[in-house]
Amino acid sequence: MPAVTPEIWIDLPRIREPRENVRDRSVELVSTAPSLLEGAGFPVRRPWPSQTLGFRQADPFLLLDHLGAVDYAPGEAKGAPWHPHRGFETVTYIIDGAMAHHDSQGGGGLITDGSTQWMTAGAGILHDEMPPEKFVEKGGLFHGIQLWVNLPQRLKWTPPRYQSLESEHIPIVVSERGDTLIRLIAGSLGEHKGAGATWTPITFIHASLEPGARLQLPWPEEFNALAYVLSGSGSVGPAGVLVREGQGVKFGPGNALTVLAAPTQPEPTKRLEILLLGGQPIREPIASYGPFVMNTHADIVQAFDDYQAGKMGSIPAAEYRREPDRSN
Ligand code: MN
């Protein structure tokens, strides 16, 4: 993983393990992500929403897509052409490779090698998420995630917002035992503050555990707690429930999270790569259809009407040439 893995860990700040009144969150359920094709046909694993881990359990998260890891041959890389969103926020974190993003507000940029992009769709936006031309031409390793964070009813109509965070602006801390590297993508962890700002309070971290490492972290009581294994294997919670690549975990109540890495880990990183994430549950009804996530069926009908009427914006003129069906 280029850019996100510093060579020297020793100078990095350390996060203390919780010591007093530790209530380690136990595992409520494990969900194995099915594989599917998204957008123009790129491979995705989706641990939630699923039959076992639905909106209610994941609240305030709506969806997690694990993109790749896939080694694209030249000409093979695909993305998601222009489409709308309303009613939530997307967080895209690219570990390897690159994705180019453009939206109807004029926002956009390259998300690459450990950088993160936050898009508040709010009242409505159009965007595309495509591999850059050079990357398509050459091919290569592509690996990333996209997380959907819900917005409460009072914020569904907030104006769209865009934040781009380069990898060097994502704070990195080391576990107290010194065997786990933690990237604070959003929210805070103990006294350490992360990078991005979402409307809904969340904590979102990427932890890399050396083989055999044991990680225990403080976790806000009022947040829910989820995990997703990007690669490798290990165990989670006080009972040591086994987890491996492609599995999502929902934890129960408590104020701490425990992760243990198995003694051997696979290439290419030879570490257990795991996402830990939680947030303040919103606890509102959810009506969801494709790219729109609202509170009622009537809201969804309105979203389709507004999209058709062009109220979510239009594709910028300069981007029309990118649309194959409009190129001639
Ligand atoms: Mn999208």
*Hey, what do the phi angles of segment 228-233 turn into as Karplus ³J(HN,Hα) couplings, whole Hz, using 6.51/-1.76/1.60 and θ = phi - 60°, x for Gly and Pro?*
9, 8, 6, 7, x, 8
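Working out 0.36 nm times the residue gap between Glu267 and Gln51, then minus their Cα-Cα distance, what length gain in nm do you get to one decimal? Don't jump to the answer; show the numbers that get you there.
Numbers: separation 216, 0.36 × 216 = 77.76 nm, distance 3.07 nm.
Gain in length upon complete extension: 74.7 nm.
So how strong a dipole does segment 63-116 carry about its Cα centre when Lys and Arg Cβ are +1 and Asp and Glu Cβ are -1, to the nearest 20 debye?
Values: 2 positive and 7 negative charges, 44 e Å.
With only Lys, Arg, Asp and Glu charged at Cβ, the dipole is about 220 debye.
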*Can you list residues whose amide H is under 5 Å from Ser115's amide H, if they're 5+ apart or on another chain and H is modeled 1.01 Å from N?*
Ile94, Ser167
*Between the helical axis of 297-308 and the dominant principal axis of the chain, each derived from Cα atoms, what acute angle in degrees is found, rounded to the nearest 10?*
50 degrees
*For Ala239 and Trp157 in the same chain, what is the full-extension length gain: residue separation times 0.36 nm, less their Cα-Cα distance, in nm?*
25.3 nm
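Based on the Kirkwood radius over alpha-carbon pairs, what value in µm²/s does the Stokes-Einstein equation return for the translational diffusion coefficient of the chain at 10 °C and 1.306 mPa s? Please report the intermediate quantities before stating the final value.
Working: Rh = 20.2 Å.
After rounding, the answer is 79 µm²/s.
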_GluC sites (Glu not before Pro) within segment 207-316, DSSP loop, no more than 16 other Cβ atoms inside 10 Å_ = Glu221, Glu222
*Could you work out how far apart the two model spin labels at Glu20 and His169 are, taking each label as a point 7 Å from the Cα in the direction of the beta carbon, and quote it in nm?*
3.7 nm
*Taking amide hydrogens as modeled 1.01 Å from N in the peptide plane, which residues meet the under 5 Å criterion relative to Glu176, leaving out close sequence neighbours?*
Ile15, Glu17
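State the percentage of accessible surface on the chain attributable to carbon and sulfur atoms; use a 1.4 Å probe and exclude ligands, DNA and RNA.
52 percent
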*asked:* Quick one: 3J(HN,Hα) in Hz for segment 113-130, Karplus 6.51/-1.76/1.60 with θ = phi - 60°, rounded, Gly and Pro as x.
replied: 6, x, 8, 10, 10, 10, 10, 8, 6, x, 4, x, 7, 10, 8, 10, 9, 10
*asked:* About the Cα centre, and with charges only on the beta carbon of Lys, Arg (+1) and Asp, Glu (-1), how big is the dipole of segment 15-310? Nearest 20 debye, please.
replied: 580 debye
*Can you work out the accessible area per residue across the chain, with the rest of the protein chains kept in place, probe 1.4 Å, in square angstrom?*
43 Å²
*asked:* Between Thr296 and Leu29, what is the label-point separation in nm under the 7 Å Cα-to-beta-carbon projection?
replied: 2.8 nm
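Less than 11 Å Cβ to Cβ from Leu36, Lys/Arg counted +1 and Asp/Glu -1: what total charge do the surrounding residues give? Can you show the working numbers first?
Working: positive: Arg45, Arg46; negative: Glu38, Asp65.
Residues near Leu36 contribute 0 overall.
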*What spacing in nm lies between the two simple spin-label points modelled at Lys193 and Leu110, each 7 Å away from Cα in the Cβ direction?*
3.0 nm
*asked:* Beyond a 24 Å Cα-Cα separation, which of these cross-linked pairs lie in this structure: Lys156/Lys193; Lys78/Lys193; Lys156/Lys311?
replied: Lys156/Lys193; Lys78/Lys193
_Please report the antiparallel percentage of the DSSP beta bridges confined to the chain, to the nearest 5._
95 percent
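Taking 0.36 nm per residue of separation and subtracting the Cα-Cα distance, what length does fully extending Ala287 through His83 add? Please list the in-between numbers first.
Numbers: separation 204, 0.36 × 204 = 73.44 nm, distance 1.86 nm.
Extending this stretch completely gives an extra 71.6 nm.
What trypsin sites (Lys or Arg not before Pro) does segment 266-301 have in DSSP loop regions with at most 14 other beta carbons within 10 Å? Working shown, then result.
Values: sites: Lys270, Arg271, Arg283; in loops: Lys270, Arg271, Arg283.
Answer in residue order: Lys270, Arg283.
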*asked:* Using each residue's phi in segment 71-78, evaluate 6.51 cos²θ - 1.76 cosθ + 1.60 at θ = phi - 60° and report the 3J(HN,Hα) Karplus result to the nearest Hz, with x for Gly and Pro.
replied: 9, 6, 6, x, x, 9, 4, 10
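The values are calculated or read from the model by the stated rules, or taken from the named source; none is laboratory data. This is a predicted model, so every value here is computed, not measured. Note that each Cβ is placed from the backbone with ideal geometry, even for glycine, and that neighbours are counted across all protein chains shown. Ligands, DNA and RNA are excluded from the accessible area calculation, which covers all protein heavy atoms including side chains. Shrake-Rupley method; radii C 1.70, N 1.55, O 1.52, S 1.80 Å.
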